[in-house]
1. I need the shape label for segment 28-105. Rule: rounded when a/c is under 1.5, else prolate if a/b > b/c, else oblate, with a, b, c from the alpha carbon gyration tensor.
2. So with the 1.4 Å probe, I'd like the accessible area per residue for the chain, rounded to whole Å².
3. Round to the nearest 10 and give me the degree value, 0 to 90, for the angle of helix 18-31's Cα axis relative to the longest principal axis of the chain.
4. Using only Cα atoms, tell me the angle between helix 79-110 and the longest principal axis of the chain; keep it within 0 to 90° and round to the nearest 10.
5. Treating the angle as unsigned and between 0 and 90°, give the value, to the nearest 10°, between the Cα long axis of helix 62-75 and the longest Cα principal axis of the chain.
6. Out of the total accessible area of the chain (probe 1.4 Å, heavy atoms of protein only), what percent is carbon and sulfur?
7. Along the positive direction of the dipole of the chain (beta-carbon charges: Lys, Arg +1; Asp, Glu -1; about the Cα centre), which of H88, G57, G7 reaches farthest?
8. Taking the Cα centre of the chain as origin, sum charge times position over the Cβ atoms of Lys and Arg (+1) and Asp and Glu (-1), and report the length of that vector in debye to the nearest 20.
Amino acid sequence: MNVHDKGSELSRALKESDEYKALSRARRELDSDPAARDMVRDFLRKQMEMQLEIMSGKADMNEKQAALQKLYEVLAINPRARDFVALHMRFQQIIQDVYKMISDAVGEGLDPFAEKK
């Protein structure tokens, strides 16, 4: 079995998936509405910043979470923005699931400092 061939198969399967196609359509719709696109971009940037802060161990995230929630509530009023964010989150979950499968299968090779069981 050639791993690169399987990787190519996986990338084709992802690109041909209903979820990716729906995300692509939603992206085109979002691009037709610059205000919605900017809101989504701002929301996703702030969400990523918050996730990085959580991972770095910053304790008080309540204020940032509340601000992010308010931003989402405003964003959700626009159907293009709301739909894109929902589809983006769904596709990101698929990518995370695939990565977890890979990690579970060959995790030892991914962490050179892992303790042997």
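The values are calculated or read from the model by the stated rules, or taken from the named source; none is laboratory data. Remember, predicted model here, so these are calculated numbers, not experimental data. Neighbour counts are summed over all protein chains in view; Cβ atoms, including those assigned to glycine, are modelled from backbone coordinates with ideal geometry. Heads up: the accessible areas ignore ligands, DNA and RNA and are worked out on the full protein's heavy atoms, side chains in. Shrake-Rupley method; radii C 1.70, N 1.55, O 1.52, S 1.80 Å.
1. Values: a/c = 2.70, a/b = 1.19, b/c = 2.26.
Here segment 28-105 falls in the oblate category.
2. Details: 9120 Å² over 117 residues.
Per residue, the chain has 78 Å² of solvent-accessible surface.
3. With rounding to tens, the tilt is 30 degrees.
4. Result, in degrees: 20.
5. Tilt relative to the chain: about 70 degrees.
6. That share works out to 56 percent.
7. H88
8. For the chain, the charge dipole is close to 240 debye.
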